1. Is it the case that Asp496 is over 60 Å from the mean Cα position of the chain (by Cα) and under 30 Å from Val548 (Cβ atoms)?
2. State the number of residues belonging to the stretch 515-531 that are out of contact with any helix residue (DSSP H, G or I) (no Cβ under 8 Å at 6 or more places or on another chain) and outside any helix (DSSP H, G or I).
3. Out of the residues in the stretch 516-531 that are exposed (fewer than 13 other Cβ atoms within 10 Å of the Cβ) and modelled with pLDDT of 85 or more, state the one that is nearest to Glu549 (Cα to Cα).
4. For the stretch 211-245, name all the residues that are touching a residue at least 24 places away in the same chain (Cβ under 8 Å) and of a type in the set (S, T, N, Q).
5. Only one of these is among the small types (Gly, Ala, Ser) and either outside the structural domain of Gly536 (by TED's automatic domain parsing) or surrounded by 14 or more Cβ atoms within 10 Å (Cβ to Cβ) (or both): Ser453, Ser435. Name it.
6. So how many residues does the stretch 267-303 have that are of a type in the set (Gly, Ala, Ser) and surrounded by 18 or more Cβ atoms within 10 Å (Cβ to Cβ)?
Amino acid sequence: MFQVLIGILVIAALVIIGVYVYQKRTLNAVDALLNQKAAALTTHLDERFAKNANPELSGDSLKDFNQLKDEYQDEFLTAASRVDDLADQIAQDLHGFNLLKVKPDLRKLQDATAKLLSEQTNLEEGLKKIDDAKAEHQKAIGELKKQYQQFHNELEENSYRYGKSSTALRQRLTDLEARFAKFTTLTAKGDYEAAQDVLNELQQDTEELARLMQRIPDIYKPLLTEFPTQLQELKNGYEQLKRHHYNFADGQIDQEIKRLGQLCEQADADLNALRLDEAATANDQLTQHIEQLYDVMQRELDARPKVAPLMRDVGRHLSHAKQQNRELIDELERLSLNYTLNNDELANARGLDEQLRQLQASYDQDQEALAVEEAIDSQVVARQTDNEKSLTAIEEQQKQINDSVADLQSDEARAKKTLQRFSVEIRTIKRRVESLNLPGIPQDYMDYFFLVSDEIGKLADAISQVKIDMEDITKQLLIVQDDLETLQEKTDDLRDSAELTERLIQYANRLSIDHEEINDAIAKAQNEFNRYNYPGSLEILEKAVEKVEPGSYKRMEQRYYTELKRNS
């Protein structure tokens, strides 16, 4: 019984300890949440939303503030009271008999605290937005006021840099300052949202005015100081050049100068109306066209001193080339009576004559225009410079044509002399063959001899014509030269084979005394010799002799050529 009592006491003690620990932990959690509530209440929100607080707001800004104030009273303060109520309820339940209600109430307390802190954040952000707007607008007031003063100073002190556009600039500045006054009034009343809409447009238009004032001087300066002076200078220069009889490809230069003057006036009007893009585009066009006009006039000024000496030189060159071409055609016509011109020399020379007539027409046209003071000097210089190049090319072609026919007569003399040499050589060859006293001449040799003889005859006929073709004659000379050399070789071969055969027959006859078998070869060789086949006869004997007495033919052949060389 005593042990049971002790067990009950132990259990009771453990329960009491557990309850105490639970109470302690819960109270600590409640205290932490109450501390968070207390911290939220010390953020001066009560001062900002007090009944006698005057935020100096109006319009939508005041409406936003009142909405925040309503949230403060309806949401924030209610949440703070609920936190207190829940904390008191939890404290009562912990010391009473409602421990089971403590846990759900603690969760409610946590949710209420979280809502309180969330409301605190929303309220602080809303107030900060209003404060930031106020600070931003105060800063903008200072910056814009300073910038507008700078605009005034610039337009007063440096108005010469803007010309008449300063009127429109001042008007824009006046408009900006009027809207700036409205913005300042709205800011002073605390209507920051309405002031922000004004500020956005105001800042944008202020930046635009700053850009205009930055661009205008660069556009205005050439319109004031450069273009009018240049256009007047061009006008005076053009009139002076026309008085001195200068002419231009564009006959409307005076109208172009007038048009550019009108463009300059229009650019100035665009600038005064602050149409800067149009004025800038006009400036670019003025710069480009004025430079082009200067170039046109300078080109004629530069060309004038070149005209007279160039026309003199081209005239002399043209006369020389024409005279030279007439002489060339006369020479070619004379040569064409006696020679065939194979490379269209005469037609080419006549083609050059036509080119010279065209160049003469171009020259005469410019000469006439200069005489009546209607020539455009730069075009004359360009045209006659090209003509000078053409004349140089024509003279080069004349030289080539002349060189191609210059040697016809000397070539004809050389050809006749060569023909005479060929005739002597063919007769000499004939006498050489006759002097061999051979029983006969091989037919193939005779055919070739008569072939060469006929070629020499044809060459003689070609050279003896009234009108000769030196190109064809030159080809025939080369052919006859080659064929004569071949005939000389054939004649040498005929002589050598016949002489060696006769010597070898005599030697073979002596060998036949001791070598009867050689008699048959001697008979066959003699038979071929009598048929004028001297090389064949020599070959038969060479084999037979070499067979019975090796090396004997080589020694005989060597002695023969040695004697031949010594006697030549």
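1. It is true that Asp496 is over 60 Å from the mean Cα position of the chain (by Cα) and under 30 Å from Val548 (Cβ atoms).
2. Final tally of qualifying residues: 1.
3. Asp520
4. Result: Gln230, single match.
5. Within the list Ser453, Ser435, the selection yields Ser453.
6. Of the residues in that region, 4 qualify.
Residues checked against (1) free of Cβ contacts under 8 Å to residues at least 40 places away in the same chain; (2) assigned to a helix (DSSP H, G or I); (3) among the β-branched types (Val, Ile, Thr):
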position: Val296; (1), (2), (3): no, yes, yes
position: Gln323; (1), (2), (3): yes, yes, no
position: Glu331; (1), (2), (3): no, yes, no
position: Arg334; (1), (2), (3): yes, yes, no
position: Leu337; (1), (2), (3): no, yes, no
position: Asn342; (1), (2), (3): no, no, no
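Residue-wise test of (1) charged (D, E, K, R); (2) surrounded by fewer than 20 Cβ atoms within 10 Å (Cβ to Cβ).
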| residue | (1), (2) |
| --- | --- |
| Asp353 | yes, yes |
| Ser362 | no, yes |
| Glu374 | yes, yes |
| Asp377 | yes, no |
| Asp386 | yes, yes |
| Lys389 | yes, yes |
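The values are calculated or read from the model by the stated rules, or taken from the named source; none is laboratory data. Because the structure is a prediction, the values reported are computed rather than measured. So basically every Cβ, Gly included, is an ideal-geometry build from the backbone, and we count neighbours across all protein chains shown.
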